[in-house]
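Report on the following structure.
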Amino acid sequence: MSMIKGIKGVKDLLPEETPRWRLIEETARRWAGRYGFHEIRIPIFEVTTLFARSIGTSTDIVEKEMYTFQDRDGTSVTLRPEGTAGTVRAYIEHNRAAIPVPQKYFYFGPMFRHERPQAGRLRQFHQFGVESLGMADPHADVEVIALLWRILSDLDLPGLTLEINNLGYTADRDSYRPQLVSYLKQHESALCANCRHRIDTNPLRVLDCKVPECRAITETAPRLSDSLSKAARSYFSQVLSGLDIVKIPYSLNHRLVRGLDYYNLTTFEVTATNLGAQNAVGAGGRYDGLVETLGGPSTPAVGFALGLERMSMLLPKSAVRKAPDYVTVYVAGFGGHGAVAGLTALEELRLAGIQAISDFRPVTLKSHLRQADRFKCRFTLIIGDDEVVKGSAVLRDMETKVQHDIDLSTASLQIHSLLIGS
Ligand code: HAM
């Protein structure tokens, strides 16, 4: 029969890799707790309009990357491409705005985007994200950016830069957009096909296109920063001075626009020098209009998401403490009665809090001992039919090869006290 392979851009995480992921997740969780964020678990699929309305119909995600399908009742549903839309939907649906303290959530989980797979870019990838809802204050922006930075610094990820930009208010961008469009139209023929399309649909996205020809053109384009209102400038300067106060290093990037339409004012991205083309480790920003757009009460909000695959790629090997490379006890039960007594002993050891394993295939003592060595077991508890008759078992130290008889009925107790004494 032919082998069935996993889907392109969808990765397995094998046991060798999961300790790295656990370290990343535990670090993120610990810092999120310190900053007063609480875990939320939102569904993996939602109605399609949720994402179209929040991320924006003319974004790459909604135009070409969503996994959308018709449910059996005809409803169009989509595998979540990100976590902000679902979190905001849950916030509105459960009337969390009525709670008189800011709602600060974090989440982990798989996200789905039909992108061209390459190193660091997958179709099923994983994010850790946070959303802070309810505070229209630059200090709330500083708080989430600081949290982002603390997680990455704690993990010692190398070569990171935090880039930040001010997208202003909707009215600011509305007054800037025609200037940009008329400039881009003058240079239309030199832009990449994607950006030519974006002139009419999402012109600001042309600013952060990575194609060198497009970059050369946008270098001299009118700048959004020149069209920003006084209020937007003042807000942003307070965010920057807050970052200075808490000593988070940043660099200004006037091109940073981001691929989701819900942002306004502060937007930021952390990039890594040694990730290749897909260099964004995490990103976020303020999205004050989104709760209202999705039918909730006007609620200011700010958040970010980190890509766990990219964090794992950057995590130094030395960061993960090696798990002890031995297993405590191997139980070698063989022969009709020995195998049954072996199963009992295995369970008793585990119930006593001792790691105990076996391989149920070998039929001879010799082959059991070979497996115990392969598993790097510290002890082997040998139980053949003869031992069962005597009510005993043989405990073998796998390193010294010293063996002694122990009482079968109290084997787990004896091994327990041996381990405590060692
Ligand atoms: P995003 O910039 O689309 O933002 O994604 C955040 C991070 O997810 C990226 O910086 C990257 O590390 C990772 N990521 C995105 N796409 C892929 C992919 N195809 N393969 C691997 N990693 C990927 C958001 O998703 C927003 N919801 C962030 C946010 C939360 N803004 C406010 N609150």
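Just checking, does region 182-203 include any residue being within 24 Å of the chain's Cα centre (by Cα) and under 26 Å from residue 79 (Cα atoms)? Give the steps one after another, and end with the answer.
Restricting attention to region 182-203, the residues satisfying the condition of being within 24 Å of the chain's Cα centre (by Cα) are none.
Within region 182-203, none of the residues are within 24 Å of the chain's Cα centre (by Cα) and under 26 Å from residue 79 (Cα atoms).
Conditions (1) more than 30 Å from residue 322 (Cα to Cα); (2) of a type outside the set (Val, Ile, Thr), marked per residue:
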position	(1), (2)
2	yes, yes
8	yes, yes
21	no, yes
27	no, no
30	no, yes
33	no, yes
67	yes, yes
71	yes, yes
Margin query: Condition first: within 28 Å of residue 202 (Cα to Cα) and in a strand (DSSP E or B). Can you find one or more residues in region 90-103 that meet it?
Written below: no
Next item on the list: State whether one or more residues within region 242-249 are touching a residue at least 24 places away in the same chain (Cβ under 8 Å), crowded, with 21+ Cβ neighbours inside 10 Å and out of contact with any His (no Cβ under 6 Å at 6 or more places or on another chain).
Entry: yes
Checklist line | Residues within region 1-56 that are closer than 28 Å to residue 261 by Cα and among the aliphatic types (A, V, I, L, M), tallied | finding: 10
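If we scan region 296-315, do we find a residue that is of a type outside the set (A, V, I, L, M, F, W, C) and more than 16 Å from the ligand (Cβ to nearest atom)?
yes
Just for region 360-403: of the residues that are among the acidic types (Asp, Glu) and under 17 Å from residue 339 (Cα atoms), which one is surrounded by the most Cβ atoms within 10 Å (Cβ to Cβ)? Even if it seems obvious, please write down each step before you answer.
Just the residues of region 360-403 that are among the acidic types (Asp, Glu), to begin with: 373, 385-387, 397, 399.
Going one step further and asking which of them are under 17 Å from residue 339 (Cα atoms), we end up with 385-387.
Working: 385: 15, 386: 12, 387: 23.
So the residue we want is 387.
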Checklist line | Count - residues of region 217-252 that are closer than 29 Å to residue 58 by Cα and under 25 Å from the mean Cα position of the chain (by Cα) | finding: 1
Next item on the list: Out of the residues in region 316-330 that are farther than 30 Å from residue 414 by Cβ and not in a loop (DSSP other than H, G, I, E, B), state the one that is farthest from the ligand (Cβ to nearest atom).
Entry: 318
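Could you say which residue among 207, 260 is buried (at least 20 other Cβ atoms within 10 Å of the Cβ), over 24 Å from the mean Cα position of the chain (by Cα) and within 16 Å of the ligand (Cβ to nearest atom)?
Working: 260 fails: over 24 Å from the mean Cα position of the chain (by Cα).
Criteria check complete, one pass: 207.
Taking the condition closer than 18 Å to residue 180 by Cβ, away from the ligand (no atom under 16 Å from the Cβ) and either touching a Pro at 6+ places or on another chain (Cβ under 8 Å) or modelled with pLDDT of 95 or more (or both), does residue 240 pass?
Taking the combined requirement at face value, the residue does not satisfy it.
Where in region 331-397 are there helices (runs of 4 or more DSSP H), lying wholly inside it, with at least 2 residues that are of a type in the set (A, V, I, L, M) and under 19 Å from residue 414 (Cα atoms)? Before the answer, list the steps.
Working: elements: 336-351, 365-374, 385-390.
It comes to 336-351.
Quick one: in region 111-121, of everything that is within 13 Å of residue 66 (Cα to Cα) and not charged (D, E, K, R), which residue is nearest to the ligand (Cβ to nearest atom)?
In the first step, residues of region 111-121 are kept if they are within 13 Å of residue 66 (Cα to Cα); the result is 111-116.
Checking which are not charged (D, E, K, R) leaves us with 111-112, 114.
On the way: 111: 7, 112: 9, 114: 9 Å.
The extreme case among them is 111.
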Next item on the list: Kindly indicate the residue of region 266-278 that is within 24 Å of residue 172 (Cβ to Cβ) and out of contact with any helix residue (DSSP H, G or I) (no Cβ under 7 Å at 6 or more places or on another chain) and also farthest from the ligand (Cβ to nearest atom) among those meeting that condition.
Entry: 267
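Let's see how each residue does on (1) within 16 Å of the ligand (Cβ to nearest atom); (2) hydroxyl-bearing (Ser, Thr, Tyr); (3) more than 27 Å from residue 140 (Cα to Cα):
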| residue | (1), (2), (3) |
| --- | --- |
| 49 | no, yes, yes |
| 52 | yes, no, no |
| 66 | yes, no, yes |
| 69 | no, no, yes |
| 85 | yes, no, no |
| 100 | no, no, no |
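Return yes when residue 74 is among the small types (Gly, Ala, Ser), within 13 Å of the ligand (Cβ to nearest atom) and either farther than 23 Å from residue 152 by Cβ or at pLDDT 95 or above (or both) and no when it is not.
Values: among the small types (Gly, Ala, Ser): yes; within 13 Å of the ligand (Cβ to nearest atom): no; either farther than 23 Å from residue 152 by Cβ or at pLDDT 95 or above (or both): yes.
No: the conditions fail for residue 74.
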Notebook entry, point to check: Would you pick out the residues in region 279-295 that are modelled with pLDDT of 95 or more and within 12 Å of the ligand (Cβ to nearest atom)?
Noted result: 280, 281, 282, 283, 284, 285, 286, 287, 288, 290
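Per-residue answers, yes or no, for (1) without any contact (Cβ under 8 Å) to a residue 60 or more places away in the chain; (2) touching a Ser or Thr at 6+ places or on another chain (Cβ under 6 Å):
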position	(1), (2)
227	yes, yes
237	yes, no
255	no, no
268	no, no
275	no, no
278	no, no
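The values are calculated or read from the model by the stated rules, or taken from the named source; none is laboratory data. Note that the structure is a prediction, hence the values are computed from the model and not measured. Positions of Cβ are backbone-derived with ideal geometry, glycine not excepted, and every protein chain shown enters the neighbour counts.
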